Amino acid sequence: MRRDAGQIVPKMALVLFAVVIVAMLVIRLGLQVDRRARAQSAADAAAIAGATEGEDIAGSVTEANGATLESFVVRGSEVEVVVRLGDERATARARRQW
């Protein structure tokens, strides 16, 4: 009689558990990367809108992207915005060109 009969079930359970943990980490990382990219896109759009139309339009564009405009600074012909989307924060600059 062999003593190793029935060993596959615990080993497969351990492998399945490890796969689930890795999958959860990959999904969480993917969501964080997506949120960061969306925050940066919102900041870029707000900076361009702010450079061409002003702070009110930059705020509207930011809200349309589901984010919050934290800062809007004009330095000469350059506009810098800081946008927050959830836990992510992004900064973008745009320059007015005539």
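Derivation of every value follows stated rules applied to the coordinates shown; laboratory data play no part. Because the structure is a prediction, the values reported are computed rather than measured. Reconstructed Cβ throughout: ideal geometry from the backbone, glycine too, with neighbour counts over all protein chains shown.
Spacing of the modelled spin labels on ILE21 and VAL74, each 7 Å from Cα toward Cβ, amounts to 5.5 nm. Among LEU16, LEU25, LEU85, the residue with the largest mean-square fluctuation in a Gaussian network model of the chain, with springs joining Cα atoms closer than 10 Å, is LEU16.
Residue-wise HN-Hα couplings along segment 77-86, as the Karplus relation 6.51 cos²θ - 1.76 cosθ + 1.60 with θ = phi - 60° gives them from phi, are 9, 10, 10, 10, 10, 10, 10, 10, 10, x Hz; Gly and Pro carry x.
Below 8 Å, C-alpha to C-alpha, sequence gap of six or more: please give me the relative contact order for the chain in percent.
Values: 132 pairs, mean separation 24.3, N = 98.
25 percent.
Here ASP56, ASP44 are placed in order of increasing Cβ neighbour count within 10 Å, fewest first, which gives ASP56, ASP44. Across ALA46, ALA64, ALA18, mean-square fluctuation computed from a Gaussian network of the chain (C-alpha pairs under 10 Å connected) peaks at ALA18.
In terms of overall dimensions, the chain has a Cα radius of gyration and Dmax of 23.8, 88 angstrom. Computed about its Cα centre, the charge dipole of the chain is approximately 740 debye, with only Lys, Arg, Asp and Glu carrying charge at their Cβ. Inter-label distance, ARG93 to SER41: 2.5 nm, where each label sits 7 Å from its Cα along the C-beta direction.
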